[in-house]
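The values are calculated or read from the model by the stated rules, or taken from the named source; none is laboratory data. Predicted, not measured: the structure shown is a model, and the values here were computed from it. For neighbour counting, all protein chains shown are included, and Cβ atoms are generated from backbone atoms with ideal geometry for every residue, glycine included. The area values use the complete protein model at the heavy-atom level, side chains included, leaving out ligands, DNA and RNA. Shrake-Rupley method; radii C 1.70, N 1.55, O 1.52, S 1.80 Å.
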Amino acid sequence: WPVCNERGIQIADYVREHNIQRYAVVDDGGYEDPPHNTIWTDLGIRSAGHPVVFTDGKVGLTRLDAAKLIDILGGKT
């Protein structure tokens with residue numbers, strides 16, 4: 001089971017260690033808890049302040065998700 005805020009901490013460590021200036025996190029935010037129940041959690045991504053777009057893991061990256069990512073990264077849609 002993941003530790004509270006584990007993902008947010010992992011991302012922060014990676015960004016710092018690699019001196020990354022601009023990035024965005026894409027995460028489906030869910031995991032399956034059988035039978036047929038998806039539990040949603042961001043594992044500390046938002047609370048750590050990461051720029052993030054959450055997607056639906058059953059749908060994938062949509063045009064709207066892509067537009068949000070482009071906006072976060074400073075591009076033009």
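Cβ-Cβ under 8 Å, sequence separation 6+ or interchain: first residue in region 2-14 and over 12 Å from Ile45 (Cβ atoms), partner surrounded by fewer than 11 Cβ atoms within 10 Å (Cβ to Cβ). Which pairs?
Final answer for the pair search is Tyr14/Ile20.
Please specify each residue of region 40-53 satisfying the condition of being more than 12 Å from Val15 (Cβ to Cβ) and open to solvent by 50 Å² or more (accessible area, probe 1.4 Å).
Trp40, Arg46, Ser47 - these are the residues of region 40-53 that are more than 12 Å from Val15 (Cβ to Cβ) and open to solvent by 50 Å² or more (accessible area, probe 1.4 Å).
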